[in-house]
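The values are calculated or read from the model by the stated rules, or taken from the named source; none is laboratory data. From a predicted model like this one, the values you see are computed outputs, not experimental measurements. Cβ atoms come from the backbone with ideal geometry, glycine included; neighbour counts cover every protein chain shown. These accessible areas exclude ligands, DNA and RNA; they are computed on the full protein's heavy atoms, side chains included. Shrake-Rupley method; radii C 1.70, N 1.55, O 1.52, S 1.80 Å.
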Amino acid sequence: MNYKFSLTYELDAPIEIAVAAYLDSEHYIFLHKDYTDKYEVLHHEPHSRVITVRQTWKLFGVSMGQVYTCEYVPPAQFKNYHVKPSPWYIPSIHHLISVSTDLKYLPNPEKNTTISILDVEVEMPFWIYPFRYLIQKAIKKLKVEKDAEDMDMIYRREKLFGRGNNAGYLMEHQFMLYKDDYVKYYGSLK
Ligand SMILES: [Fe+2]
């Protein structure tokens, strides 16, 4: 059975900063270590915007490994799908449910902020269906807490470099997923 829900809210950051924070995958396991302590790119087809990632997430207080497909749709859309438990022999919520997410960032020019729209689709067997709101609550909590950590990082950088200053992300030594695309869309704003 399928259950869909959306989470929409505003992030107090210009879109070029919100996108940079998402694509800066190196910060995940440091800043978000309470939720995810492993992030490993397993596969990347050259010239594609699709990667296969192994990552751990803490859901319902339990750390669960998963392998999933992650797709970037420039300039500001991020999809995750084909989530599989990893390793397969460790019991995981992903043996029971399959979660796909589609995150879109939209600029809010009036306030120089970002509207974040997360569409979530959960596939589950009928006997899990009565617990769908619990699953929704757990996913929402994870997302809200992770975004709060990102906002702390964004405010710290804002204090040092000024609001909307993404020059640090554009520097050559700074790693970022799909950096060529990022530079193309957000590289000449200042
Ligand atoms: Fe983050």
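Out of the residues in the stretch 1-49 that are exposed (fewer than 15 other Cβ atoms within 10 Å of the Cβ) and β-branched (Val, Ile, Thr), state the one that is farthest from the ligand (Cβ to nearest atom). Taking the candidates together, the pick is Thr8.
Here is the figure for the stretch 77-101: residues that are open to solvent by less than 50 Å² (accessible area, probe 1.4 Å) and of a type in the set (D, E, K, R) total 0. Any residue that is part of a strand (DSSP E or B), out of contact with any His (no Cβ under 8 Å at 6 or more places or on another chain) and farther than 18 Å from Tyr182 by Cβ - is there at least one of those in the stretch 81-92? The answer is yes; a qualifying residue exists. Residues of the stretch 134-151 include none that is in contact (Cβ under 8 Å) with a residue 40 or more places away in the chain, touching a Leu at 6+ places or on another chain (Cβ under 9 Å) and on the phi > 0 side of the Ramachandran plot.
Among the residues of the stretch 117-143, how many are more than 13 Å from Ser6 (Cα to Cα) and in a strand (DSSP E or B)? So the count comes out to 1.
Applying a threshold of 9 Å to beta carbon distances and a minimum spacing of six or more residues, or different chains, the list of pairs starting in the stretch 90-117 at a residue that is at positive phi and ending at one that is open to solvent by less than 30 Å² (accessible area, probe 1.4 Å) reads Asn112/Ala13; Asn112/Pro14; Asn112/Ile15; Asn112/Gly164.
Taking the residues in the stretch 50-76 that are modelled with pLDDT under 85 and small (Gly, Ala, Ser) as candidates, determine which candidate is nearest to the ligand (Cβ to nearest atom). So the residue we want is Ser63.
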